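Take a look at the structure set out below.
The values are calculated or read from the model by the stated rules, or taken from the named source; none is laboratory data. Given the structure is predicted, the values throughout are model-derived calculations rather than measurements. When we count neighbours, we look across all protein chains shown, and the Cβ atoms used for this are built from the backbone with ideal geometry, even at glycine.
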Amino acid sequence: MSMTNAEKTKKLRKDVAPFAKSETKKSVVQMINTIIPLLIFWGMGYTFANTNPWISVFCAVIASGFVVRTFIIFHDCTHGSFFKSKKANDWVGNLTGILTSFPYAKWRREHLIHHATSGNLDKRGIGDIDMLTTDEYLALSKTKRFFYRLYRNPLVMFGLGPLYLVLVLNRFNRKDAKKKERFNTYFTNIVVALIITALIIVFGWKAVLLVHGVTMFIAGALGIWLFYIQHTYEDSYFEYDPEWDYVKAAVEGSSFYKLPKVLQWITGNIGYHHVHHLAPRVPNYYLEAAHNSVPPLQKATTITIKTSLESVRYKLYDPEKKKFVTFKEVEKFYVGKVVES
């Protein structure tokens, strides 16, 4: 007798549960092989900044990969999955937040909301990349459509996006933030500002732009790309609230981004995003094992570097066809629905 959907969901969560445990030794080793190389490459970058800028830029590029990996540690801490102790997660989360320029409390709350609402068309807006449905887009004025097109342009999203993320979005609290969250953001901002000021005093502002500027720009672009590709592919899962299902949103609405081993290591296995959304308490170093051990998870949409590039074309979601579409498709097939303003 075949299982019901509820029984399948219960079994799936039960099968993944053994991987939702942190191991202090693995977490400490990951901190050592991530944060120490990051500091070394930053140090080398500043050492050569005023004598051999090309070596400095090379070090900054390598450092950007370790910033992404450091962010994954930060990310696990926000889920309480990197250490068993909440205090340890909070301490390491704040440390890695300073290194990556992310306020820990602010990002944790917004990201947990993202997990609770991912794929829900009625609850978009917090922790997501802005995305409109076809009807919403066609109901906009021409001016607003222009700005939405601009926002979804790859040059803006992955070019200006990192600057906006680091310099603006991460520096200010949301209006509904509570006092503890606000002070954590202020604390992060002050510490980051003091570090940058000290680096400018010691090495000069040009060196800081060359090393920290290049590092954070590349890391920011990679981070936005990873977040984008994990939920933006043709048959990704989106539903309105009455039909929305958490497990379907996790397994069908989050991709398996199959990367070469080096990139998989640098990105802390976050390509197994379907596993992470199903069970956020699984630390990054167990995501692959969970995927390989639970057959239903292997049915998630698999994306490679080559096929992921196609997702840049997808701008709008069509709830009726249940897939992403391009602006060109909207102009061709939805022209009769346009609401002129």
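What the table shows:
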read-out: Qualifying residues in the range 270-299 (those that are surrounded by 22 or more Cβ atoms within 10 Å (Cβ to Cβ) and small (Gly, Ala, Ser)) - the one farthest from Val16 (Cα to Cα); value: Gly271
read-out: Thr100 of a type in the set (Val, Ile, Thr), under 30 Å from Ile73 (Cα atoms) and at pLDDT 95 or above; value: yes
read-out: Breaking point among (1) over 14 Å from the mean Cα position of the chain (by Cα); (2) over 25 Å from Pro280 (Cβ atoms), for Phe158; value: (1)
read-out: Looking only at the range 186-237, and only at residues there that are polar (S, T, N, Q) and under 21 Å from Phe102 (Cα atoms), the one that is surrounded by the fewest Cβ atoms within 10 Å (Cβ to Cβ); value: Thr197
read-out: Odd one out for Leu95 among (1) at pLDDT below 95; (2) of a type outside the set (Lys, Arg); (3) surrounded by fewer than 22 Cβ atoms within 10 Å (Cβ to Cβ); value: (1)
read-out: Helices (runs of 4 or more DSSP H) contained entirely in the range 155-230, each with at least 1 residues that are touching a Lys or Arg at 6+ places or on another chain (Cβ under 6 Å); value: 179-203
read-out: Filter result for Leu121 (under 28 Å from Arg152 (Cβ atoms) and out of contact with any helix residue (DSSP H, G or I) (no Cβ under 9 Å at 6 or more places or on another chain)); value: yes
read-out: Residue within the range 267-279 that is at pLDDT below 95 and among the aromatic types (Phe, Trp, Tyr) present; value: no
read-out: The range 3-27, subset hydrophobic (A, V, I, L, M, F, W, C) and farther than 28 Å from Gly93 by Cα, residue modelled with the lowest pLDDT; value: Met3
read-out: Pairs with Cβ under 7 Å, 6+ apart, first in the range 16-28 and loosely packed, with under 13 Cβ neighbours inside 10 Å, second of a type in the set (Ser, Thr, Tyr); value: none
read-out: Pairs, first under 16 Å from Arg313 (Cα atoms) in the range 222-240, second acidic (Asp, Glu) and buried (at least 19 other Cβ atoms within 10 Å of the Cβ), C-beta under 6 Å, six or more apart; value: none
read-out: In the range 257-266, the residues that are closer than 27 Å to Val325 by Cβ and either modelled with pLDDT under 90 or more than 14 Å from the chain's Cα centre (by Cα) (or both); value: Lys258, Leu259
read-out: Any hit, the range 238-252, residues being under 19 Å from the mean Cα position of the chain (by Cα), acidic (Asp, Glu) and surrounded by 16 or more Cβ atoms within 10 Å (Cβ to Cβ); value: yes
